[in-house]
2 protein chains.
Amino acid sequence: MGSKKGKQTIVYDSRPKILGAWSIAGVKEGEGPLRAWFDQILTDDSYGEKTWEKSETKMLKEAVSQATMLAGLTVSDLDALLSGDLINQLMSSTFMARDLGVPFLGLYGACSTMTESLLLGSMVVDGGFGNRVAVCASSHYSTAERQFRLPLEHGNQRPPSAQWTVTGAGAMIVGKEDLPRAEPVITVDCATIGRIIDTGIKDVNQMGAAMAPAAVDTIATHLADTGRTPDHYDAILTGDLASIGSRIAREMLGEKGYPMDRRYDDCGCMIFVSSQDTHAGGSGCGCSGSVFAGRVYKALRSGELKRVLLISTGALLSTISPQQGESIPGIAHAVALTTEG
Amino acid sequence: MGSKKGKQTIVYDSRPKILGAWSIAGVKEGEGPLRAWFDQILTDDSYGEKTWEKSETKMLKEAVSQATMLAGLTVSDLDALLSGDLINQLMSSTFMARDLGVPFLGLYGACSTMTESLLLGSMVVDGGFGNRVAVCASSHYSTAERQFRLPLEHGNQRPPSAQWTVTGAGAMIVGKEDLPRAEPVITVDCATIGRIIDTGIKDVNQMGAAMAPAAVDTIATHLADTGRTPDHYDAILTGDLASIGSRIAREMLGEKGYPMDRRYDDCGCMIFVSSQDTHAGGSGCGCSGSVFAGRVYKALRSGELKRVLLISTGALLSTISPQQGESIPGIAHAVALTTEG
């Protein structure tokens, strides 16, 4: 049973548990600084499929299947599957859910999808509507690039502010009770549902800057709603603001009286190094998806981190909204994870 | 607080209430048999906007605003807004939510979105995560046609099995407590989360046939999970199977031992008559959206109907999945509404 706290924050009174997680990364992502943390790294981004969309579907399917297995369950034990991706009509999530046969709720929050699915999935469990659900998100450089930008074959130049869509997927199983184990139990404590913030940015190569104010709004609201200070958390991680957006977020949060020290980082900055030529850093649902399900999950399991605030960030523009003169709306949802024992 | 019943059904123990609803229909829809039931009928499908996408955004915004007002609330009283539409990246819902400033959860279930948002919104309320939420869905003939089919200017011929995307929107406010009023209170009783059913149909002009097996699966599962028979309900309404799909659904349900008599109907059949040249009938998120929020809501409020099962139906193909040889995955979510008093 849940409750509401402050303006936008929901509290999961029964503290749903993360029972298992699986992260998959593409070739380039697997060459980056997080290589040791991903559960699986592709040796070829096609993953043996004939189209990029089918490769992304396969990543999601594998992530859900493996996370379910690590949770000591089979896919038929899942009460629901909440998933989203960047492909029009959620192609990757849909075909994954079709193949797995689990009751499916499709979500679209652009790159904010990982925390949207985690916060809704935790509601299902905490509200008593199901015992175990899978929450997941994915993106693939080759599906996103051709849909949102230009054909890959075009080989266009990218400005330094551009970000690199991560090829990756993350899946987590949320449930009432964890397996008996020696490691700490990971619980979902509370979440803050973001509202859309649009500061009028129209440059589609400035996604980090467009999303940063939404991340700041959600983090500040979360802290105000819960009465917490940033040092309540061992880590505060935004989704894919990358180098420019995270610098803006840090500055804006400081101005609001929430100074962010070393505990603040951004998954888009963590996943690549500058020598990988990804310009501002990583983006895509699979960025925070694979980093949460890989790096963050393991840090919580090992006891390295005890209290983490995750804030996936999404730029909710469409492929035609900029052509109609619209600016870029940003959104961010925050989920607080805590270990027990 | 909720509970789970059977395989896929969730029970809302606190019985969230529908506090208000608003339906908008386009010009053609307003000339159809439901003209007396829509709260608002456009005199021009552009709704005074310069692009069709902006017209659809405005419909959604108006529907949410009016439904909120009828619920005796203001938009700032809403704890969350759950919405989806057919436009890539949920353009209509996103820009509506940006303008209204309410915490936003974007959903994609193709034409199943109205019951997806209603079932998730009812979870938010029943689970204690919020007191009042808006749930909505929209579609617009002119945005959908050019995205999924051909430019309107092309004037292509349509096969008899084709359906007509409804220009319309529906919004409902779900909350803990209804206003004091003389009419019956409308409560959300339980819901069945659909799984994806794909029987291998590849003809994109046979959407009704592609979705019918998913509707049948969800209805049969709902009845089995709850131990109810079809005559528990005064009306069982699918979303947009239209004439061909609803005939198939009726036949399949009969074969499964659930004969459907006059109480079964389909919103896609209800919204147009054959003289309107819409071929098999209506489709789109706005089809079940406007029919539920208009016709069904008013029938429950007046006491004409007491127990209704709504099953919005979605074809989860993407614009590129048929090009990659994929068949059409269908999904359907069911929500049971009951009146009290």
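Quick rundown of the values:
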item: Residue list for segment B:121-134, filter: closer than 13 Å to B:Ile10 by Cβ and facing chain A (nearest Cβ under 8 Å); result: B:Met123, B:Val124, B:Asp126, B:Gly127
item: Set B:Leu100, B:Leu81, B:Leu118, B:Leu90: member being buried (at least 24 other Cβ atoms within 10 Å of the Cβ), within 27 Å of B:Lys176 (Cα to Cα), within 11 Å of chain A (Cβ to nearest Cβ) and of a type outside the set (Lys, Arg); result: B:Leu81
item: Verdict on A:Asp198 being within 14 Å of chain B (Cβ to nearest Cβ), charged (D, E, K, R) and farther than 21 Å from B:Gly109 by Cα; result: yes
item: Cross-chain or 6+ apart pairs with Cβ under 6 Å, segment A:50-73 first and within 14 Å of another protein chain (Cβ to nearest Cβ), then polar (S, T, N, Q) and crowded, with 24+ Cβ neighbours inside 10 Å; result: A:Trp52/A:Thr143; A:Glu53/A:Thr143; A:Glu56/A:Ser92; A:Glu56/A:Ser138; A:Glu56/A:Thr143; A:Thr57/A:Ser92; A:Leu60/A:Ser92; A:Leu60/A:Ser138
item: Candidates A:Gly303, A:Gly314, A:Gly330, A:Gly325 - the one that is open to solvent by 10 Å² or more (accessible area, probe 1.4 Å) and within 14 Å of chain B (Cβ to nearest Cβ); result: A:Gly325
item: Any hit, segment B:171-191, residues being within 14 Å of another protein chain (Cβ to nearest Cβ), in contact with an Asp or Glu (Cβ under 7 Å, 6 or more places away or on another chain) and either touching a residue at least 24 places away in the same chain (Cβ under 8 Å) or not in a loop (DSSP other than H, G, I, E, B) (or both); result: no
item: B:Gly227, sole failed condition from (1) surrounded by fewer than 21 Cβ atoms within 10 Å (Cβ to Cβ); (2) of a type outside the set (Val, Ile, Thr); (3) under 18 Å from the mean Cα position of the chain (by Cα); result: (3)
item: Subset tally (residues that are without any contact (Cβ under 8 Å) to a residue 12 or more places away in the chain and part of a helix (DSSP H, G or I)) for segment B:304-324; result: 2
item: Residue in segment A:291-303 that is assigned to a loop (DSSP other than H, G, I, E, B) and at pLDDT 95 or above present; result: yes
item: Residues of segment A:103-146 satisfying the condition of being over 20 Å from A:Ser318 (Cβ atoms) and of a type in the set (Lys, Arg); result: A:Arg132
item: B:Met96 outside any loop (DSSP other than H, G, I, E, B) and either within 23 Å of A:Val125 (Cβ to Cβ) or touching a residue at least 60 places away in the same chain (Cβ under 8 Å) (or both); result: no
item: Selection within segment A:3-53 - open to solvent by 10 Å² or more (accessible area, probe 1.4 Å), under 20 Å from A:Met91 (Cα atoms) and assigned to a helix (DSSP H, G or I); result: A:Trp52
item: Hits in segment B:236-255 - residues which are open to solvent by less than 10 Å² (accessible area, probe 1.4 Å) and part of a helix (DSSP H, G or I); result: B:Ala242, B:Gly245, B:Ala249, B:Leu253
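The values are calculated or read from the model by the stated rules, or taken from the named source; none is laboratory data. Small disclaimer: the values here were computed from a predicted structure and weren't measured. Cβ: placed from backbone, ideal geometry, glycine included. Neighbour counts: every protein chain shown. With ligands, DNA and RNA removed, areas are computed over all heavy atoms of the protein, side chains included. Shrake-Rupley method; radii C 1.70, N 1.55, O 1.52, S 1.80 Å.
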